[in-house]
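S.K.: What follows is a structure written as C-alpha coordinates; I'll ask about it next.
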Amino acid sequence: MGQHISNDDVSALDFVSEEYLRKLQLDRLQKIVKHTYDNVELFRTRMQERNLTPADIRTLKDIAKLPFTVKTDLRDTYPFGLFAVPLSEIVRFHASSGTTGKPIVVSYTQEDLNVWMEVLKRGFSGCGLTRDDIIQVSYGYGLFTGGLGAHYGAEALGAAVIPTGGGNTKRQIMLMRDFGATAICCTPSYFNFMIEQAEADGIDMHKLPLRAGIFGAEPWSDEMRKRIEAASGIKAYNIYGLSEIIGPGVAIECEHQSGMHIFEDHFYPEIIDPDTCEVLPEGEVGELVLTTLSKYAMPMIRYRTRDLTRIISEKCPCGRTIRRIDRISSRSDDMFIIRGVNVFPSQIETALLSVEGTTANYNIVLYTENGLDNIEVNVEINPALFSDKISEMEKLHSKLTRAIENVIGLRVRLNIVAPNSIQRSEGKAKRVTDNRIKA
Ligand code: AMP
Ligand code: ZN
(Lines give C-alpha, C1' and ligand atoms only; values in the text may rest on other atoms or scores of the structure.)
(Ligands and ions follow the chains in the order given, each with its own letter.)
Protein backbone atom coordinates (compact mmCIF):
# COMPACT_ATOMS: atom_id res chain seq x y z
CA MET A 1 0.00 0.00 0.00
CA GLY A 2 2.96 2.31 -0.31
CA GLN A 3 2.95 3.83 3.13
CA HIS A 4 4.17 1.96 6.20
CA ILE A 5 2.92 2.84 9.59
CA SER A 6 4.54 1.63 12.74
CA ASN A 7 2.36 0.53 15.60
CA ASP A 8 4.10 2.85 18.01
CA ASP A 9 3.29 6.02 16.16
CA VAL A 10 -0.43 5.51 16.18
CA SER A 11 -1.28 9.12 15.33
CA ALA A 12 0.45 8.66 11.99
CA LEU A 13 -2.79 7.03 10.87
CA ASP A 14 -4.36 10.50 10.95
CA PHE A 15 -1.92 11.75 8.32
CA VAL A 16 -1.97 9.02 5.67
CA SER A 17 -2.41 9.81 2.00
CA GLU A 18 -5.92 9.78 0.65
CA GLU A 19 -5.05 6.97 -1.71
CA TYR A 20 -3.82 4.81 1.14
CA LEU A 21 -6.88 5.62 3.23
CA ARG A 22 -9.43 4.81 0.53
CA LYS A 23 -7.71 1.54 -0.24
CA LEU A 24 -7.64 0.62 3.43
CA GLN A 25 -11.33 1.50 3.76
CA LEU A 26 -12.31 -0.63 0.79
CA ASP A 27 -10.28 -3.56 2.00
CA ARG A 28 -11.86 -3.34 5.46
CA LEU A 29 -15.34 -2.76 4.07
CA GLN A 30 -15.19 -5.89 1.95
CA LYS A 31 -14.03 -7.94 4.94
CA ILE A 32 -16.63 -6.60 7.34
CA VAL A 33 -19.48 -7.00 4.86
CA LYS A 34 -18.53 -10.61 4.35
CA HIS A 35 -18.17 -11.21 8.08
CA THR A 36 -21.57 -9.67 8.75
CA TYR A 37 -23.20 -11.55 5.88
CA ASP A 38 -21.80 -14.84 7.11
CA ASN A 39 -22.78 -14.31 10.74
CA VAL A 40 -25.78 -12.00 11.12
CA GLU A 41 -29.06 -13.38 9.87
CA LEU A 42 -30.86 -10.04 9.66
CA PHE A 43 -28.16 -8.58 7.43
CA ARG A 44 -27.93 -11.69 5.26
CA THR A 45 -31.69 -11.73 4.71
CA ARG A 46 -31.72 -8.07 3.74
CA MET A 47 -28.86 -8.60 1.32
CA GLN A 48 -30.64 -11.57 -0.22
CA GLU A 49 -33.81 -9.54 -0.63
CA ARG A 50 -31.75 -7.13 -2.71
CA ASN A 51 -30.02 -9.91 -4.63
CA LEU A 52 -26.71 -8.85 -3.21
CA THR A 53 -23.72 -10.82 -2.03
CA PRO A 54 -20.52 -9.50 -0.43
CA ALA A 55 -18.82 -9.87 -3.81
CA ASP A 56 -20.94 -6.98 -5.10
CA ILE A 57 -18.87 -4.55 -3.06
CA ARG A 58 -16.12 -3.72 -5.53
CA THR A 59 -15.60 -0.02 -4.85
CA LEU A 60 -16.31 2.26 -1.91
CA LYS A 61 -19.24 3.73 -3.84
CA ASP A 62 -20.91 0.32 -3.79
CA ILE A 63 -21.63 0.86 -0.11
CA ALA A 64 -24.73 2.76 -1.25
CA LYS A 65 -26.22 -0.55 -2.38
CA LEU A 66 -26.18 -1.96 1.13
CA PRO A 67 -29.23 -1.92 3.42
CA PHE A 68 -29.37 0.52 6.32
CA THR A 69 -29.38 -0.53 9.95
CA VAL A 70 -31.60 1.40 12.37
CA LYS A 71 -32.03 1.60 16.11
CA THR A 72 -35.14 -0.56 16.12
CA ASP A 73 -33.08 -3.38 14.57
CA LEU A 74 -31.09 -3.42 17.80
CA ARG A 75 -34.21 -3.41 19.93
CA ASP A 76 -35.95 -6.06 17.84
CA THR A 77 -33.00 -8.44 18.15
CA TYR A 78 -32.46 -7.76 21.87
CA PRO A 79 -30.20 -8.85 23.42
CA PHE A 80 -27.71 -10.72 21.23
CA GLY A 81 -29.35 -10.99 17.80
CA LEU A 82 -26.85 -8.84 15.93
CA PHE A 83 -23.73 -10.41 17.39
CA ALA A 84 -21.38 -11.72 14.71
CA VAL A 85 -19.01 -13.77 16.87
CA PRO A 86 -19.59 -16.55 19.41
CA LEU A 87 -20.10 -15.35 22.99
CA SER A 88 -16.75 -16.86 23.96
CA GLU A 89 -15.03 -14.15 21.92
CA ILE A 90 -16.91 -11.34 23.60
CA VAL A 91 -15.10 -9.59 26.42
CA ARG A 92 -17.36 -6.60 27.16
CA PHE A 93 -20.97 -5.48 26.98
CA HIS A 94 -22.35 -1.97 27.08
CA ALA A 95 -25.93 -0.79 26.82
CA SER A 96 -27.75 2.41 26.10
CA SER A 97 -31.07 2.97 27.75
CA GLY A 98 -32.66 5.30 25.24
CA THR A 99 -36.09 6.57 26.07
CA THR A 100 -38.43 3.65 26.58
CA GLY A 101 -38.48 -0.09 27.03
CA LYS A 102 -35.56 -2.44 26.55
CA PRO A 103 -32.06 -1.02 26.26
CA ILE A 104 -29.94 -1.64 23.22
CA VAL A 105 -27.01 -3.93 23.88
CA VAL A 106 -23.60 -3.70 22.25
CA SER A 107 -20.58 -5.96 22.58
CA TYR A 108 -16.87 -6.01 21.89
CA THR A 109 -14.12 -8.53 21.23
CA GLN A 110 -10.69 -7.75 22.62
CA GLU A 111 -9.70 -6.55 19.14
CA ASP A 112 -12.71 -4.22 19.07
CA LEU A 113 -11.65 -2.77 22.40
CA ASN A 114 -8.16 -2.29 21.00
CA VAL A 115 -9.62 -0.27 18.13
CA TRP A 116 -11.59 1.82 20.59
CA MET A 117 -8.48 2.49 22.66
CA GLU A 118 -6.53 3.31 19.52
CA VAL A 119 -8.98 5.94 18.30
CA LEU A 120 -9.20 7.56 21.71
CA LYS A 121 -5.44 7.60 22.00
CA ARG A 122 -5.22 9.28 18.61
CA GLY A 123 -8.00 11.67 19.60
CA PHE A 124 -6.56 12.63 22.96
CA SER A 125 -3.16 13.26 21.45
CA GLY A 126 -4.83 15.40 18.79
CA CYS A 127 -6.06 17.59 21.64
CA GLY A 128 -2.49 17.94 22.85
CA LEU A 129 -2.72 15.43 25.69
CA THR A 130 0.22 13.15 26.46
CA ARG A 131 1.34 10.54 28.97
CA ASP A 132 2.24 13.42 31.28
CA ASP A 133 -1.39 14.41 31.68
CA ILE A 134 -3.67 13.58 34.57
CA ILE A 135 -7.11 12.91 33.17
CA GLN A 136 -10.20 12.94 35.34
CA VAL A 137 -12.95 10.78 33.89
CA SER A 138 -16.28 12.12 35.12
CA TYR A 139 -18.49 10.38 32.60
CA GLY A 140 -20.63 7.71 34.23
CA TYR A 141 -18.98 4.30 34.55
CA GLY A 142 -21.02 1.18 33.93
CA LEU A 143 -23.19 0.22 31.00
CA PHE A 144 -22.83 3.72 29.53
CA THR A 145 -19.84 3.77 27.18
CA GLY A 146 -18.56 7.17 28.32
CA GLY A 147 -16.73 6.25 31.52
CA LEU A 148 -14.96 3.04 30.62
CA GLY A 149 -14.35 4.24 27.06
CA ALA A 150 -12.54 7.40 28.10
CA HIS A 151 -10.84 5.53 30.91
CA TYR A 152 -9.15 2.91 28.75
CA GLY A 153 -8.38 5.47 26.06
CA ALA A 154 -6.60 7.68 28.56
CA GLU A 155 -4.66 4.71 29.95
CA ALA A 156 -3.68 3.66 26.43
CA LEU A 157 -2.23 7.13 25.99
CA GLY A 158 -0.20 6.51 29.13
CA ALA A 159 -1.86 9.32 31.04
CA ALA A 160 -2.79 8.94 34.71
CA VAL A 161 -6.52 8.45 35.14
CA ILE A 162 -8.67 9.67 38.04
CA PRO A 163 -11.77 7.49 37.63
CA THR A 164 -14.26 9.59 39.59
CA GLY A 165 -17.26 8.81 37.39
CA GLY A 166 -20.26 11.13 37.58
CA GLY A 167 -21.76 12.61 40.72
CA ASN A 168 -20.57 13.84 44.11
CA THR A 169 -19.58 17.09 42.50
CA LYS A 170 -18.07 18.76 45.54
CA ARG A 171 -15.68 15.86 45.96
CA GLN A 172 -14.87 15.85 42.24
CA ILE A 173 -13.66 19.43 42.50
CA MET A 174 -11.61 18.66 45.56
CA LEU A 175 -9.88 15.74 43.83
CA MET A 176 -9.42 17.78 40.66
CA ARG A 177 -7.58 20.39 42.67
CA ASP A 178 -5.67 18.08 45.01
CA PHE A 179 -4.53 15.63 42.31
CA GLY A 180 -3.77 18.42 39.88
CA ALA A 181 -5.95 17.10 37.06
CA THR A 182 -4.86 18.63 33.76
CA ALA A 183 -7.77 17.34 31.67
CA ILE A 184 -11.33 16.21 32.23
CA CYS A 185 -13.81 14.07 30.29
CA CYS A 186 -17.53 14.55 30.93
CA THR A 187 -20.65 16.05 29.40
CA PRO A 188 -20.51 19.80 28.77
CA SER A 189 -23.57 20.30 30.97
CA TYR A 190 -21.88 18.49 33.84
CA PHE A 191 -18.77 20.60 33.49
CA ASN A 192 -20.95 23.70 33.71
CA PHE A 193 -22.25 22.39 36.99
CA MET A 194 -18.66 21.83 38.16
CA ILE A 195 -17.76 25.42 37.32
CA GLU A 196 -20.66 26.59 39.50
CA GLN A 197 -19.73 24.23 42.31
CA ALA A 198 -16.10 25.37 42.22
CA GLU A 199 -17.22 28.99 42.43
CA ALA A 200 -19.48 28.17 45.37
CA ASP A 201 -16.53 26.48 47.09
CA GLY A 202 -14.32 29.49 46.52
CA ILE A 203 -12.09 27.67 44.03
CA ASP A 204 -10.93 29.63 41.00
CA MET A 205 -10.76 27.18 38.12
CA HIS A 206 -8.40 29.51 36.28
CA LYS A 207 -5.81 28.84 38.96
CA LEU A 208 -6.02 25.04 38.70
CA PRO A 209 -3.69 23.04 36.42
CA LEU A 210 -6.75 21.95 34.41
CA ARG A 211 -6.25 23.00 30.78
CA ALA A 212 -8.43 20.77 28.60
CA GLY A 213 -11.93 19.35 28.66
CA ILE A 214 -13.05 16.59 26.32
CA PHE A 215 -16.80 17.09 26.23
CA GLY A 216 -19.47 15.11 24.45
CA ALA A 217 -22.35 12.63 24.71
CA GLU A 218 -24.90 15.41 24.21
CA PRO A 219 -25.42 18.33 21.83
CA TRP A 220 -23.84 21.62 22.82
CA SER A 221 -23.39 24.87 20.98
CA ASP A 222 -20.33 26.89 20.14
CA GLU A 223 -21.73 29.59 22.42
CA MET A 224 -21.61 27.06 25.23
CA ARG A 225 -17.97 26.36 24.41
CA LYS A 226 -17.15 30.05 24.67
CA ARG A 227 -18.89 30.26 28.02
CA ILE A 228 -17.08 27.23 29.39
CA GLU A 229 -13.69 28.42 28.20
CA ALA A 230 -14.16 31.91 29.61
CA ALA A 231 -15.42 30.66 32.96
CA SER A 232 -12.73 28.05 33.51
CA GLY A 233 -9.72 29.03 31.46
CA ILE A 234 -9.52 25.61 29.79
CA LYS A 235 -9.83 24.60 26.16
CA ALA A 236 -13.07 22.74 25.51
CA TYR A 237 -12.89 20.04 22.83
CA ASN A 238 -15.86 18.35 21.25
CA ILE A 239 -15.91 14.55 21.14
CA TYR A 240 -18.58 12.50 19.40
CA GLY A 241 -19.59 8.90 19.55
CA LEU A 242 -22.45 6.50 20.11
CA SER A 243 -22.77 3.08 21.66
CA GLU A 244 -24.00 1.44 18.47
CA ILE A 245 -20.78 2.35 16.68
CA ILE A 246 -18.28 1.99 19.54
CA GLY A 247 -18.83 4.73 22.14
CA PRO A 248 -17.02 8.07 22.48
CA GLY A 249 -14.14 8.52 20.04
CA VAL A 250 -15.82 8.17 16.65
CA ALA A 251 -14.77 11.76 15.99
CA ILE A 252 -13.01 14.44 18.00
CA GLU A 253 -11.62 17.91 17.53
CA CYS A 254 -7.95 18.66 17.18
CA GLU A 255 -6.29 21.71 18.67
CA HIS A 256 -7.83 23.90 15.99
CA GLN A 257 -11.31 23.19 17.40
CA SER A 258 -13.03 23.55 14.08
CA GLY A 259 -14.95 20.37 13.39
CA MET A 260 -14.25 16.86 14.62
CA HIS A 261 -11.82 14.60 12.79
CA ILE A 262 -13.58 11.33 12.16
CA PHE A 263 -11.51 8.19 12.40
CA GLU A 264 -12.63 7.16 8.97
CA ASP A 265 -10.21 4.28 8.72
CA HIS A 266 -12.50 2.60 11.29
CA PHE A 267 -15.84 4.39 10.87
CA TYR A 268 -16.96 5.08 7.33
CA PRO A 269 -19.18 8.19 7.15
CA GLU A 270 -21.96 9.02 4.72
CA ILE A 271 -24.47 11.85 4.88
CA ILE A 272 -27.99 11.11 3.69
CA ASP A 273 -31.21 12.99 3.27
CA PRO A 274 -33.21 11.60 6.23
CA ASP A 275 -36.45 11.64 4.22
CA THR A 276 -35.37 10.14 0.90
CA CYS A 277 -32.32 8.21 2.23
CA GLU A 278 -30.31 9.41 -0.78
CA VAL A 279 -26.62 9.99 -0.20
CA LEU A 280 -25.99 13.76 -0.28
CA PRO A 281 -23.05 15.46 -1.99
CA GLU A 282 -20.08 16.12 0.26
CA GLY A 283 -20.52 19.24 2.37
CA GLU A 284 -24.30 19.14 2.64
CA VAL A 285 -26.02 18.82 5.99
CA GLY A 286 -27.98 15.66 6.59
CA GLU A 287 -28.14 12.53 8.71
CA LEU A 288 -24.85 10.87 9.52
CA VAL A 289 -24.70 7.20 8.53
CA LEU A 290 -21.79 5.17 9.84
CA THR A 291 -20.32 1.81 8.93
CA THR A 292 -17.90 0.17 11.35
CA LEU A 293 -15.01 -1.04 9.24
CA SER A 294 -13.16 -2.95 11.91
CA LYS A 295 -15.54 -3.94 14.68
CA TYR A 296 -16.19 -7.65 14.68
CA ALA A 297 -18.39 -8.53 17.68
CA MET A 298 -21.24 -6.39 16.46
CA PRO A 299 -20.54 -4.76 13.13
CA MET A 300 -22.88 -1.98 12.07
CA ILE A 301 -23.43 -1.58 8.37
CA ARG A 302 -24.80 1.81 7.31
CA TYR A 303 -26.14 2.63 10.74
CA ARG A 304 -28.52 5.60 10.70
CA THR A 305 -27.39 7.71 13.66
CA ARG A 306 -30.24 10.28 13.45
CA ASP A 307 -27.51 12.86 14.16
CA LEU A 308 -27.39 15.83 11.81
CA THR A 309 -24.09 17.16 10.53
CA ARG A 310 -22.01 17.61 7.40
CA ILE A 311 -18.65 16.36 6.24
CA ILE A 312 -15.94 19.00 6.04
CA SER A 313 -13.46 17.94 3.42
CA GLU A 314 -11.33 21.09 3.32
CA LYS A 315 -7.89 20.49 4.78
CA CYS A 316 -7.54 21.22 8.48
CA PRO A 317 -4.58 23.43 9.42
CA CYS A 318 -3.32 20.59 11.65
CA GLY A 319 -2.47 18.56 8.56
CA ARG A 320 -4.57 15.54 9.44
CA THR A 321 -5.90 13.94 6.28
CA ILE A 322 -8.84 12.21 7.90
CA ARG A 323 -11.84 14.40 7.25
CA ARG A 324 -13.92 16.29 9.79
CA ILE A 325 -17.59 16.38 10.64
CA ASP A 326 -19.23 19.54 11.84
CA ARG A 327 -20.57 19.98 15.36
CA ILE A 328 -23.70 17.82 15.64
CA SER A 329 -26.32 20.53 15.63
CA SER A 330 -28.99 18.16 16.86
CA ARG A 331 -30.53 14.76 16.51
CA SER A 332 -33.33 14.62 14.02
CA ASP A 333 -35.38 13.07 16.85
CA ASP A 334 -34.88 16.18 18.98
CA MET A 335 -36.49 18.47 16.47
CA PHE A 336 -39.96 19.63 17.34
CA ILE A 337 -42.48 21.28 15.07
CA ILE A 338 -44.39 24.20 16.53
CA ARG A 339 -47.06 25.75 14.36
CA GLY A 340 -45.33 24.52 11.24
CA VAL A 341 -41.88 25.74 12.24
CA ASN A 342 -39.03 23.25 12.76
CA VAL A 343 -37.18 24.05 15.96
CA PHE A 344 -34.04 22.50 17.40
CA PRO A 345 -33.19 22.91 21.09
CA SER A 346 -29.66 23.90 20.06
CA GLN A 347 -31.02 26.99 18.31
CA ILE A 348 -32.61 28.11 21.54
CA GLU A 349 -29.38 27.45 23.43
CA THR A 350 -27.41 29.54 20.96
CA ALA A 351 -29.87 32.41 21.24
CA LEU A 352 -29.94 32.33 25.04
CA LEU A 353 -26.18 32.21 25.42
CA SER A 354 -25.65 35.03 22.96
CA VAL A 355 -27.17 37.38 25.54
CA GLU A 356 -24.89 38.57 28.28
CA GLY A 357 -25.99 37.71 31.80
CA THR A 358 -27.60 34.35 31.04
CA THR A 359 -26.28 31.08 32.41
CA ALA A 360 -26.16 27.71 30.69
CA ASN A 361 -28.95 26.51 32.97
CA TYR A 362 -32.11 26.40 30.94
CA ASN A 363 -34.89 24.09 29.90
CA ILE A 364 -37.63 24.02 27.34
CA VAL A 365 -41.24 22.99 27.89
CA LEU A 366 -43.65 22.42 25.04
CA TYR A 367 -47.30 22.98 25.93
CA THR A 368 -50.70 23.42 24.35
CA GLU A 369 -52.94 26.39 25.09
CA ASN A 370 -56.26 27.11 23.41
CA GLY A 371 -55.50 24.39 20.90
CA LEU A 372 -52.17 25.93 19.89
CA ASP A 373 -48.73 24.50 20.58
CA ASN A 374 -46.25 26.81 22.28
CA ILE A 375 -42.73 26.88 23.62
CA GLU A 376 -41.81 27.90 27.13
CA VAL A 377 -38.18 28.61 27.91
CA ASN A 378 -36.94 28.81 31.48
CA VAL A 379 -33.52 30.26 32.05
CA GLU A 380 -31.42 31.21 35.04
CA ILE A 381 -29.40 34.37 34.86
CA ASN A 382 -26.23 35.31 36.62
CA PRO A 383 -27.27 35.51 40.33
CA ALA A 384 -25.64 38.94 40.62
CA LEU A 385 -28.07 40.24 38.01
CA PHE A 386 -31.13 38.63 39.53
CA SER A 387 -32.68 41.65 41.16
CA ASP A 388 -35.82 43.32 42.32
CA LYS A 389 -35.31 46.09 39.82
CA ILE A 390 -38.25 45.41 37.61
CA SER A 391 -37.03 47.63 34.80
CA GLU A 392 -33.69 45.77 34.59
CA MET A 393 -35.37 42.39 34.52
CA GLU A 394 -37.84 43.52 31.93
CA LYS A 395 -35.06 44.75 29.69
CA LEU A 396 -33.27 41.42 29.89
CA HIS A 397 -36.51 39.56 29.41
CA SER A 398 -37.34 41.32 26.17
CA LYS A 399 -33.73 40.99 24.95
CA LEU A 400 -33.92 37.23 25.47
CA THR A 401 -37.33 36.88 23.89
CA ARG A 402 -36.11 38.81 20.87
CA ALA A 403 -32.87 36.81 20.60
CA ILE A 404 -34.87 33.58 20.43
CA GLU A 405 -37.41 35.00 18.03
CA ASN A 406 -34.63 36.12 15.71
CA VAL A 407 -33.28 32.60 15.52
CA ILE A 408 -36.40 30.44 15.38
CA GLY A 409 -38.97 32.90 14.07
CA LEU A 410 -41.39 32.27 16.92
CA ARG A 411 -42.18 34.21 20.07
CA VAL A 412 -41.77 31.97 23.10
CA ARG A 413 -43.00 32.29 26.67
CA LEU A 414 -39.80 33.13 28.47
CA ASN A 415 -39.29 32.93 32.22
CA ILE A 416 -36.27 34.19 34.05
CA VAL A 417 -36.24 31.79 36.96
CA ALA A 418 -34.57 31.98 40.36
CA PRO A 419 -30.93 30.92 40.69
CA ASN A 420 -30.55 27.18 41.25
CA SER A 421 -34.13 26.34 40.34
CA ILE A 422 -33.25 24.35 37.23
CA GLN A 423 -32.15 20.77 37.76
CA ARG A 424 -28.37 20.33 37.26
CA SER A 425 -27.12 17.36 35.30
CA GLU A 426 -24.33 14.94 36.14
CA GLY A 427 -24.57 13.20 32.79
CA LYS A 428 -26.64 13.91 29.71
CA ALA A 429 -28.83 16.94 30.38
CA LYS A 430 -32.56 16.64 29.77
CA ARG A 431 -33.44 19.93 28.15
CA VAL A 432 -36.89 19.40 26.70
CA THR A 433 -40.18 18.34 28.30
CA ASP A 434 -43.06 17.77 25.95
CA ASN A 435 -46.44 18.46 27.58
CA ARG A 436 -48.30 19.04 24.33
CA ILE A 437 -51.75 17.63 24.02
CA LYS A 438 -51.63 15.33 21.03
CA ALA A 439 -54.57 15.82 18.68
P1 AMP B 1 -25.08 7.04 23.67
O2 AMP B 1 -24.97 5.88 22.74
O3 AMP B 1 -26.07 6.82 24.76
O4 AMP B 1 -23.75 7.44 24.18
O5 AMP B 1 -25.64 8.27 22.84
C6 AMP B 1 -25.08 8.66 21.63
C7 AMP B 1 -25.74 9.91 21.13
O8 AMP B 1 -25.33 11.05 21.91
C9 AMP B 1 -25.33 10.27 19.73
O10 AMP B 1 -26.06 9.56 18.76
C11 AMP B 1 -25.61 11.77 19.70
O12 AMP B 1 -26.98 12.02 19.49
C13 AMP B 1 -25.26 12.21 21.10
N14 AMP B 1 -23.89 12.76 21.12
C15 AMP B 1 -22.76 12.14 21.47
N16 AMP B 1 -21.71 12.97 21.38
C17 AMP B 1 -22.19 14.16 20.92
C18 AMP B 1 -21.62 15.43 20.61
N19 AMP B 1 -20.32 15.68 20.76
N20 AMP B 1 -22.43 16.40 20.14
C21 AMP B 1 -23.75 16.17 20.00
N22 AMP B 1 -24.36 15.02 20.30
C23 AMP B 1 -23.59 14.02 20.75
ZN1 ZN C 1 -7.28 19.23 12.61
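The values are calculated or read from the model by the stated rules, or taken from the named source; none is laboratory data. Predicted, not measured: the structure shown is a model, and the values here were computed from it. Positions of Cβ are generated from backbone atoms using ideal geometry, with glycine treated the same way; all protein chains shown enter the neighbour counts.
S.K.: Regarding ALA95, is this residue within 18 Å of the chain's Cα centre (by Cα), outside the structural domain of LYS430 (by TED's automatic domain parsing) and among the small types (Gly, Ala, Ser)?
M.R.: Working: within 18 Å of the chain's Cα centre (by Cα): yes; outside the structural domain of LYS430 (by TED's automatic domain parsing): yes; among the small types (Gly, Ala, Ser): yes.
So ALA95 passes the test.
S.K.: Additional query: Read through the list (1) over 28 Å from LEU24 (Cα atoms); (2) exposed (fewer than 14 other Cβ atoms within 10 Å of the Cβ), then give the number of the only condition that TYR78 fails.
M.R.: (2)
S.K.: I've got another one for you. Check GLU392, GLU380, GLU426 and return the single one that is charged (D, E, K, R), free of Cβ contacts under 8 Å to residues at least 40 places away in the same chain and not assigned by TED's automatic domain parsing to the domain that holds TYR190. Spell out the reasoning first.
M.R.: Numbers: GLU380 fails: free of Cβ contacts under 8 Å to residues at least 40 places away in the same chain; GLU426 fails: free of Cβ contacts under 8 Å to residues at least 40 places away in the same chain.
After applying the criteria, what remains is GLU392.
S.K.: Scan region 316-370 for residues that are closer than 30 Å to PHE15 by Cα, not charged (D, E, K, R) and not in a loop (DSSP other than H, G, I, E, B) and jot them down.
M.R.: ILE325, SER330
S.K.: Between ALA198, ALA159, ALA150, which is in contact with a Cys (Cβ under 8 Å, 6 or more places away or on another chain) and of a type in the set (Gly, Ala, Ser)?
M.R.: Working: ALA198 fails: in contact with a Cys (Cβ under 8 Å, 6 or more places away or on another chain); ALA159 fails: in contact with a Cys (Cβ under 8 Å, 6 or more places away or on another chain).
Answer to the selection: ALA150.
S.K.: Next up: Taking the options SER398, SER421, SER391, name whichever one is of a type in the set (S, T, N, Q), farther than 21 Å from ASP334 by Cα and outside any helix (DSSP H, G or I). Write out each step before concluding.
M.R.: On the way: SER398 fails: outside any helix (DSSP H, G or I); SER391 fails: outside any helix (DSSP H, G or I).
Going through SER398, SER421, SER391 in turn, just one is of a type in the set (S, T, N, Q), farther than 21 Å from ASP334 by Cα and outside any helix (DSSP H, G or I): SER421.
S.K.: Tally up the residues in region 297-321 that are surrounded by fewer than 21 Cβ atoms within 10 Å (Cβ to Cβ), more than 16 Å from ligand 2 (Cβ to nearest atom) and more than 28 Å from SER346 (Cα to Cα), please.
M.R.: Adding up the residues that qualify gives 0.
S.K.: While we're looking at this one, here's another question. List pairs: first in region 237-255 and on the phi < 0 side of the Ramachandran plot and near ligand 1 (Cβ under 6 Å from one of its atoms), second of a type in the set (S, T, N, Q) and part of a strand (DSSP E or B), Cβ under 8 Å, 6+ apart or cross-chain?
M.R.: Short answer, once both residue conditions are applied: LEU242/SER96; LEU242/THR305; SER243/SER96.
S.K.: Then there's this: For ASP333, which of the numbered conditions (1) surrounded by 19 or more Cβ atoms within 10 Å (Cβ to Cβ); (2) touching a residue at least 24 places away in the same chain (Cβ under 8 Å); (3) within 15 Å of ligand 1 (Cβ to nearest atom) fails to hold?
M.R.: With respect to (1) surrounded by 19 or more Cβ atoms within 10 Å (Cβ to Cβ); (2) touching a residue at least 24 places away in the same chain (Cβ under 8 Å); (3) within 15 Å of ligand 1 (Cβ to nearest atom), ASP333 is out only on (1).
S.K.: Shifting gears a bit: Is it the case that region 99-106 has a residue that's more than 15 Å from ligand 1 (Cβ to nearest atom) and under 17 Å from ALA297 (Cα atoms)?
M.R.: Among the residues of region 99-106, not one is more than 15 Å from ligand 1 (Cβ to nearest atom) and under 17 Å from ALA297 (Cα atoms), which makes the answer no.
S.K.: Right, here's the next one. Please specify each residue of region 102-145 satisfying the condition of being under 18 Å from the mean Cα position of the chain (by Cα), more than 24 Å from ILE262 (Cβ to Cβ) and buried (at least 22 other Cβ atoms within 10 Å of the Cβ).
M.R.: Selection gives SER138 alone.
Conditions (1) basic (Lys, Arg); (2) touching a Pro at 6+ places or on another chain (Cβ under 7 Å); (3) under 29 Å from PHE93 (Cβ atoms), marked per residue:
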{"residue": "HIS256", "(1), (2), (3)": "no, yes, no"}
{"residue": "MET260", "(1), (2), (3)": "no, no, yes"}
{"residue": "PHE267", "(1), (2), (3)": "no, no, yes"}
{"residue": "ILE271", "(1), (2), (3)": "no, no, no"}
{"residue": "PRO281", "(1), (2), (3)": "no, no, no"}
{"residue": "GLU284", "(1), (2), (3)": "no, no, no"}
{"residue": "LEU290", "(1), (2), (3)": "no, yes, yes"}
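S.K.: Here's another thing I want to ask about it. Scan region 34-65 for residues that are among the hydrophobic types (A, V, I, L, M, F, W, C) and touching a helix residue (DSSP H, G or I) at 6+ places or on another chain (Cβ under 7 Å) and jot them down. Talk me through it step by step, then tell me what you get.
M.R.: First, the residues of region 34-65 that are among the hydrophobic types (A, V, I, L, M, F, W, C): 40, 42-43, 47, 52, 55, 57, 60, 63-64.
LEU42, PHE43, MET47, LEU52, ILE57, LEU60, ILE63 - these are the residues of region 34-65 that are among the hydrophobic types (A, V, I, L, M, F, W, C) and touching a helix residue (DSSP H, G or I) at 6+ places or on another chain (Cβ under 7 Å).
S.K.: Then there is this: Which pairs do you get when a residue that is assigned by TED's automatic domain parsing to the domain that holds LEU24, found in region 38-64, comes within reach of a residue that is part of a loop (DSSP other than H, G, I, E, B) and not aromatic (Phe, Trp, Tyr), reach meaning Cβ atoms under 6 angstrom, with the pair 6+ apart or on two chains?
M.R.: Close Cβ pairs (under 6 Å, with a partner that is part of a loop (DSSP other than H, G, I, E, B) and not aromatic (Phe, Trp, Tyr)) amount to ASN39/ALA84; VAL40/LEU82; VAL40/ALA84; ARG46/PRO67.
S.K.: Here is a further query. Considering every residue within region 363-371, establish whether at least one is within 20 Å of the chain's Cα centre (by Cα), assigned by TED's automatic domain parsing to the domain that holds ASN415 and either buried (at least 18 other Cβ atoms within 10 Å of the Cβ) or over 30 Å from PHE83 (Cβ atoms) (or both).
M.R.: Taking region 363-371 first, the residues within 20 Å of the chain's Cα centre (by Cα) are 363.
Within this subset, residues satisfying the condition of being assigned by TED's automatic domain parsing to the domain that holds ASN415 are 363.
Those left that are additionally either buried (at least 18 other Cβ atoms within 10 Å of the Cβ) or over 30 Å from PHE83 (Cβ atoms) (or both): 363.
Yes.
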